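As structure tokens, the structure follows; a few thoughts come after it.
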Amino acid sequence: MATPEAEFDADPLVLYRQSCLDHSLLEQEEEARLLLRARRGDRAALTRLVEANQRLVMSIARRYYHAGMTGDLSLMDLVQWGNIGLLEAIRRWDGRRLRFSTYAVWWIRAWVRRSGLTRGGTLTRTAREGDLIVRIRRARNALHIQLGRDPTLDEI
């Protein structure tokens, strides 16, 4: 059994991942009830929703982190921005649209992507500039595969 001192030495990311697994996923009906309660100001319902969706936030943040689109941001930074996106999804979800998790993915991705594009480098960029950088990288990679060599600036 681990000592309390060993717990303080553990990597915060590992502890966070373990805590994500401690919370069960929600059934669709329970999720809808919690969303209604959270929108009425019930902090316990909001907490349960956030805890139940942490795996989703973590998976999206990891995808962007490993894609190298985050500049100087750590994975935990991206998770925090993803949590902001999750809270925004909870605030805006109206129940008539898609299932909540499908709707939340869009908001989580948007906040993680924007944080990586605008805050992730040495220089701060606008979201539009960050989007342009992503498009240029994709074009360069596609041309590299198509041509079998690094494309020139004119080809990009």
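Bear in mind that the values in this text are calculations on the coordinates, not laboratory data. Quick caveat: nothing in here was measured; it's all calculated off a predicted structure. Every residue, glycine among them, receives a Cβ derived from its backbone with ideal geometry; neighbour counts consider all protein chains shown.
Rounded to the nearest 0.05, the FRET efficiency derived from the C-beta distance between residue 128 and residue 106 at R0 = 22 Å is 0.70. Backbone phi angles across the stretch 84-94, fed through the Karplus curve with coefficients 6.51, -1.76 and 1.60 (θ = phi - 60°), yield HN-Hα couplings of 5, x, 4, 5, 5, 5, 4, 5, 9, 5, 10 Hz in residue order; Gly and Pro are listed as x.
Rounded to whole numbers, the Karplus 3J(HN,Hα) couplings from phi for the stretch 144-154 are 4, 5, 5, 8, x, 7, 6, x, 7, 4, 5 Hz, using 6.51 cos²θ - 1.76 cosθ + 1.60 with θ = phi - 60°, and x at Gly and Pro. Peptide packing: for 86-92, 52-58, the average count of neighbouring Cβ atoms within 10 Å per residue gives the ranking 52-58, 86-92, highest mean first. Along the stretch 37-43 the Karplus relation, 6.51 cos²θ - 1.76 cosθ + 1.60 evaluated at θ = phi - 60°, assigns HN-Hα couplings of 5, 5, 5, 8, x, 6, 5 Hz to successive residues, with x for each Gly and Pro. Once the Cα-Cα distance is subtracted from the 0.36 nm per residue extended length, the residue 30 to residue 147 segment shows a gain of 36.9 nm.
Counting charges near residue 86 (Lys, Arg +1; Asp, Glu -1) among other residues having Cβ under 12 Å from its Cβ returns a value of +2. For the stretch 71-116, the share of alpha carbon pairs falling in successive 5 Å distance bins from zero is 5, 26, 29, 19, 11, 6, 2, 1 percent.
Residues whose amide H falls under 5 Å from that of residue 156, counting only those 5 or more places apart or on a different chain, are absent, with hydrogens built in the peptide plane.
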